[in-house]
Amino acid sequence: MANLSTRSPIRMGFVPLNDCAPVAVAQELGIFKDYGLNVQLSRQPGWATVRDMMFYGELDAAQSIAGLAFYFALGLSKLRRDVAVPLVLSAHGNAITLSMELPPETIRQGEGLAAFITHRWKKRRPPTFAAAHRFSSHHILLHAWLRRHGLEPGRDVEVVFLPPPLMPRHLASDHIDGYCVGEPWNSEAILSGSGWCPATSAELASGHPEKVLLVDGEFIGERRDDTIALGAALLHACRMCHNPDFRSELIEILSRQAYTGCSKTTLNNSLGQTFLTGRGDLDASNFHLFYGNDLNCPTADKASWFLSGMRGTGLLPDNTAAAPLTRLYRQDIYRASENILLPA
């Protein structure tokens, strides 16, 4: 491997969420360096900023919602760019949080929401729910949850998009009535008393893929070996993050201002053993999944979950070709990363 002092840094973006854990761990514990990499992290407020910086070539790679890969690759806007997904970083990790003005005893897991909105809604504005990005799993999960309980997004409720760290304060300020987001931004509202959780993403779509490693196509072409090493370093970190014995150290790392800046108590609510929902306690053992079986392999099945969800939210025409999947989800790079993975 080239000397680190002569190697151009890899500019990598992330958003302050619990599932930036592999990125944070790889940086803080020197795992990137162990794989011969110089990685320069860039914390971003939300996915729209990650999208823009990837498009304009200001980032080489990012921890990303999977939908951005399709957004760029399928030409769903003018911001078309060659990108690839050589690694899935996590599964699950999201939840729906509602205002305490939507009472848990009435709404339950969502069964009472439609009747409450129909008969008891007093606000002058429509019921308003937020998701992290239009092309995110949060948007897909929120749509599915609302429809499961008899509400049509856009007709019965309004859906808006906010950066994850801003959601708890918008809920507390009564600008929105609920949201779907990754942790720790559900726990932030729950533990402060301004919100409660009717459903987690593990309950809504068991096994669903969540964050991915998104890499610029030009970077892969010019620095394929570094892309493989980056995948290996992050896979190594995913393996560590999944170890229950490492969770205390993981929480300490994520609590730093460079990452989420949240209290250890807030982070422990979903990374620990028990998730306090505001309506009871849940076993948190599968709230966040980082490693195991084929979780990290960028398979066509994982890509298809997003494509199906995007069609369900009206973001993708039914006749959109799926041919680019093998060029977008790069199992060849993933297997090469596996081959250089250092022992645990």
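The values are calculated or read from the model by the stated rules, or taken from the named source; none is laboratory data. Given the structure is predicted, the values throughout are model-derived calculations rather than measurements. All Cβ positions, glycine included, derive from the backbone under ideal geometry; neighbour counts span all protein chains shown.
General remarks:
- Residue pairs whose Cβ atoms lie under 9 Å apart, separated by 6 or more positions or on different chains, with the first residue in the stretch 81-98 and in contact (Cβ under 8 Å) with a residue 12 or more places away in the chain and within 22 Å of Ala61 (Cβ to Cβ) and the second part of a loop (DSSP other than H, G, I, E, B) and basic (Lys, Arg), are Ala84/Arg330; Val85/Arg330; Pro86/Arg330; Leu87/Arg330.
Table: residues versus (1) at pLDDT below 95; (2) outside any helix (DSSP H, G or I); (3) surrounded by 15 or more Cβ atoms within 10 Å (Cβ to Cβ).
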| residue | (1), (2), (3) |
| --- | --- |
| Gly231 | no, no, yes |
| Leu234 | no, no, yes |
| Cys238 | no, no, yes |
| Arg247 | no, no, yes |
| Leu250 | no, no, yes |
| Gln257 | no, yes, no |
| Leu267 | no, no, yes |
| Gly292 | yes, yes, no |
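- Residue within the stretch 46-62 that is out of contact with any strand residue (DSSP E or B) (no Cβ under 9 Å at 6 or more places or on another chain) and touching a residue at least 40 places away in the same chain (Cβ under 8 Å) present: no
- Of everything in the stretch 47-70 that is buried (at least 23 other Cβ atoms within 10 Å of the Cβ) and small (Gly, Ala, Ser), the residue that is farthest from the chain's Cα centre (by Cα) is Ala61.
- Residue satisfying condition, being touching an Asp or Glu at 6+ places or on another chain (Cβ under 7 Å), crowded, with 23+ Cβ neighbours inside 10 Å and on the phi < 0 side of the Ramachandran plot, within set Glu218, Glu210: Glu210
- Single condition Arg148 does not satisfy, out of (1) at negative phi; (2) surrounded by 15 or more Cβ atoms within 10 Å (Cβ to Cβ); (3) of a type outside the set (A, V, I, L, M): (2)
- Residue count for the stretch 112-130 satisfying the condition of being surrounded by 14 or more Cβ atoms within 10 Å (Cβ to Cβ) and closer than 24 Å to Gly280 by Cα: 7.
- Among the residues of the stretch 269-287, those identified as within 14 Å of Ala199 (Cα to Cα) and either in the same structural domain as Ser194 (by TED's automatic domain parsing) or outside any loop (DSSP other than H, G, I, E, B) (or both) are Ser270, Phe275, Leu276, Asp281, Leu282, Asp283.
- Looking across the stretch 167-182, the residues that are outside any strand (DSSP E or B) and either in contact with a Pro (Cβ under 9 Å, 6 or more places away or on another chain) or among the aliphatic types (A, V, I, L, M) (or both) come down to Met167, Leu171, Ala172, Ile176, Asp177.
- Residue list for the stretch 8-45, filter: free of Cβ contacts under 8 Å to residues at least 60 places away in the same chain and either over 30 Å from Ala130 (Cα atoms) or among the polar types (S, T, N, Q) (or both): Ser8, Pro9, Gln27, Gly30, Lys33, Asn38, Gln40, Ser42, Gln44
- Residue in the stretch 233-253 that is of a type outside the set (Phe, Trp, Tyr), closer than 23 Å to Ala95 by Cβ, free of Cβ contacts under 8 Å to residues at least 60 places away in the same chain and touching a Phe, Trp or Tyr at 6+ places or on another chain (Cβ under 6 Å) present: yes
- Restricting the stretch 127-182 to residues that are at pLDDT 95 or above and of a type in the set (Phe, Trp, Tyr), the residue that is nearest to Gly110 (Cα to Cα) is Trp145.
- Check on Ala144, in contact with a His (Cβ under 7 Å, 6 or more places away or on another chain), under 22 Å from Gly314 (Cα atoms) and in a helix (DSSP H, G or I): no
- Residue match in the stretch 230-253 (condition: within 24 Å of Leu142 (Cβ to Cβ) and of a type in the set (Val, Ile, Thr)): no
- Answer from Gly182, Gly150, Gly178, Gly112 - the residue that is without any contact (Cβ under 8 Å) to a residue 24 or more places away in the chain and of a type outside the set (A, V, I, L, M, F, W, C): Gly112
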